[in-house]
Amino acid sequence: MNNFEFKNPTKIIFGKNTIIKLSTEIPKEAKVLMLYGEGSIKKNGIYEQVTSALSEINFLEFGGIPANPEYAILLNALALIKKEKITYLLAVGGASVIDATKFLASAALFNGVEPWDIIKNKIRTETAMPFGTVLTLPATGSEMNSGAVITRKETGEKLGMGGPGLFPQFSILDPEVIKSIPPRQIQNGIIDAFTHALEQYITYPIEAKLQDRFTESIMQTLIEIAPIITKDTSNYKAACDFMWCCTMALNGLIQKGVPTDWALHTMAHELTAIFGIDHARTLTIIAPSYYQYKFENKKEKLAQYGQRVWGITEGSIEEKATQAIAKTTVYFKELGMPIKLSECTQAYEGTAEKIAATFEKRGWNALGEKKDITPSDVKDIITMSY
Ligand code: NZQ
Ligand code: ZN
C-alpha cells in the first residue's frame with residue numbers, strides 16, 4: 001500500500017426526515033444564499049422542506065442552475081453574493097448545483113479579476129465561503145468531496161477544480177428524495193458511482209486488500225440494488241443503499257494508498273463539452289474501448305474484478321479480463337446506457353482528433369495510473385468508441 005493522508009471534514013446527516021436539521025447546522029447569524037437547479041425541487045416538496053427549515057434564517061435564493069453548471073450563469077450568482085453580502089451558501093440539488101456552489105464558494109473569496117482563472121490556472125482552493133448541501137440526486141459523491149466540474153459554453157470547456165477548502169461543512173442525505181428522480185437520472189447515478197469505483201480499482205495490483213474489498217462491495221451493492229431502484233424509486237431500503245454507495249464511491253476513502261486512473265473521466269468530460277451528453281453516458285461510451293485499449297496495463301485488476309464482482313472463475317487472467325470487459329459492457333446496455341458515441345450523435349467524425357488536439361494544447365500528455373496515455377492514444381481510444 002502507498003503512504004497516504006486522509007481527512008474528510010464533511011458531516012453527513014443521513015436518513016428520513018433529516019432536511020429539517022438545516023435549522024441547526026447553519027449558523028444563526030449567517031446570511032444564506034440557497035442555490036438550486038431548474039425546478040425539480042419545486043415539484044417534489046423538497047423546496048418546501050428546505051424553506052421551512054430555514055424559517056428562522058436570513059436567506060435569499062438563486063435558482064436555474066442547469067445540468068453541467070454553466071459559468072456564465074454562475075457569474076450572475078456571484079454578483080448577487082457580492083451585492084447582498086452573503087456569508088453562507090446552501091446547495092439543494094445534484095452535483096450540478098453542488099459543484100456550482102463549490103465554484104461560487106471559491107470565487108466569492110477570490111482576489112483575481114476573472115474567476116475562470118481559478119479553473120484555468122488550477123488554483124487549489126484552500127479557503128472558501130462556508131457551505132452545506134441537501135443532496136437530491138445520488139451519483140457523483142460531490143456531497144462529500146472537495147472537487148467540482150464547471151462548464152463554459154463560450155469556450156467549449158468542461159474542467160475540474162478543487163482543494164481542501166471545498167468540502168461541504170455538512171450534507172443532508174435523505175433517501176426519500178429519490179422518489180421523484182426520473183429513470184434516466186437513476187441509471188446515470190448508478191453508472192456514475194460504478195464508474196468511480198472502476199477508476200479507482202482497474203489499475204494494477206498493489207495488494208491493498210481492504211481498499212479492493214471496499215471498492216468491490218460498492219460495485220456489488222450497486223449491481224444488487226440497481227434492478228430494484230430502477231423499477232421502484234420509493235423502495236426506501238434500496239434508496240438508502242444507492243445513496244450511500246454513491247457517496248462512498250467518491251469521498252476519498254477508496255482511493256487512499258492505491259493507484260488511481262481518471263483518464264476515462266478526463267476523456268468523457270470532452271464529450272459532454274462538445275455534445276452535451278449526460279456525464280454518466282459519456283463514461284459508458286468510452287469505458288469498453290478504453291479497457292480494451294489498455295488491456296495489458298490493466299488485465300490483472302480486470303481479472304480480479306471479473307472474478308470477485310461478476311463471479312467469473314474459469315480461464316486464464318487474460319480470459320477472465322476479457323470476460324470482465326464483456327460483462328461490464330452488457331451491464332451498461334442493460335441499464336439503458338449507450339456504449340458507442342454513434343448512439344448519441346451522428347456528427348462524431350473528427351471528434352477524436354479534436355479532443356486529442358485539445359489535450360495536446362493543454363499539455364495533458366500523460367494520463368492514467370501509469371501516466372502513459374498520450375494525446376495520440378486518446379485519439380485512438382475515442383475513435384474506437386465511435
Ligand atoms: O435542475 P433540476 O430541475 O433540479 O433537475 C435535475 C437535473 O435535470 C434532476 N434532479 C435532481 N434531483 C432530482 C431531480 N429530478 C427529480 N427529482 C430529484 N430529486 O436531475 C438532473 C441532473 O442533475 P445533475 O445535478 O446535473 O446530475 P448529477 O448529480 O449527475 O451531476 C452531474 C454533474 O456532476 C459532475 C458532472 O460532470 C456533471 O457536471 N461531476 C461531479 C463530480 C464531483 N463533483 O465529484 C464527479 C463526477 O464524476 C462528475 O464529473
Ligand atoms: Zn463521474
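The values are calculated or read from the model by the stated rules, or taken from the named source; none is laboratory data. Everything quoted here is computed from the prediction, not taken from an experiment. All Cβ positions, even for glycine, are placed from backbone atoms using ideal geometry, and neighbour counts span all protein chains on display.
Values as computed for the structure displayed
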read-out	value
Scan of region 249-259 for residues that are under 14 Å from the mean Cα position of the chain (by Cα) and more than 14 Å from ligand 2 (Cβ to nearest atom), ordered by number	G252
Filter result for F6 (surrounded by fewer than 21 Cβ atoms within 10 Å (Cβ to Cβ) and aromatic (F, W, Y))	yes
Some residue of region 279-290 being over 15 Å from the mean Cα position of the chain (by Cα) and among the polar types (S, T, N, Q)	yes
Region 159-200: number of residues that are closer than 16 Å to G336 by Cα and of a type outside the set (A, V, I, L, M)	10
Within region 333-354, considering residues that are part of a helix (DSSP H, G or I) and touching a Leu at 6+ places or on another chain (Cβ under 8 Å), the one nearest to P227 (Cα to Cα)	L341
Leading residue by the ranking (farthest from the chain's Cα centre (by Cα)) among those in region 114-143 that are within 16 Å of ligand 2 (Cβ to nearest atom) and more than 28 Å from R362 (Cβ to Cβ)	L135
Residue match in region 152-166 (condition: more than 7 Å from ligand 1 (Cβ to nearest atom), out of contact with any Gly (no Cβ under 7 Å at 6 or more places or on another chain), free of Cβ contacts under 8 Å to residues at least 40 places away in the same chain and on the phi < 0 side of the Ramachandran plot)	yes
Of the criteria (1) polar (S, T, N, Q); (2) outside the structural domain of K256 (by TED's automatic domain parsing); (3) more than 16 Å from ligand 1 (Cβ to nearest atom), which one Q211 fails	(2)
Selected residue (criterion: nearest to ligand 1 (Cβ to nearest atom)) from residues of region 274-318 that are of a type in the set (G, A, S) and surrounded by fewer than 21 Cβ atoms within 10 Å (Cβ to Cβ)	G276
Of all residues in region 291-301 being part of a helix (DSSP H, G or I) and in contact with an Asp or Glu (Cβ under 9 Å, 6 or more places away or on another chain), the one that is nearest to Q220 (Cα to Cα)	K301
Unmet criterion (only one of (1) surrounded by fewer than 24 Cβ atoms within 10 Å (Cβ to Cβ); (2) assigned to a helix (DSSP H, G or I); (3) in contact (Cβ under 8 Å) with a residue 60 or more places away in the chain; (4) not hydrophobic (A, V, I, L, M, F, W, C)) for D117	(3)
All positions within region 131-143 that are of a type in the set (A, V, I, L, M, F, W, C) and within 9 Å of ligand 1 (Cβ to nearest atom)	L135, L137, A139
Test: residue in region 273-287 that is within 13 Å of ligand 2 (Cβ to nearest atom), among the small types (G, A, S) and touching a residue at least 40 places away in the same chain (Cβ under 8 Å)	yes
Residue match in region 250-262 (condition: without any contact (Cβ under 8 Å) to a residue 60 or more places away in the chain and either of a type outside the set (K, R) or outside any helix (DSSP H, G or I) (or both))	yes
Check on I73, touching a helix residue (DSSP H, G or I) at 6+ places or on another chain (Cβ under 7 Å), free of Cβ contacts under 8 Å to residues at least 60 places away in the same chain and either crowded, with 17+ Cβ neighbours inside 10 Å or outside any loop (DSSP other than H, G, I, E, B) (or both)	no
Of residues in region 224-256 being within 30 Å of P164 (Cβ to Cβ) and among the aliphatic types (A, V, I, L, M), the one surrounded by the most Cβ atoms within 10 Å (Cβ to Cβ)	A249
Per-region count, region 50-68, residues in contact (Cβ under 8 Å) with a residue 60 or more places away in the chain and part of a helix (DSSP H, G or I)	1
Count of region 82-107 residues which are touching a strand residue (DSSP E or B) at 6+ places or on another chain (Cβ under 7 Å) and either more than 23 Å from N145 (Cα to Cα) or assigned to a loop (DSSP other than H, G, I, E, B) (or both)	4
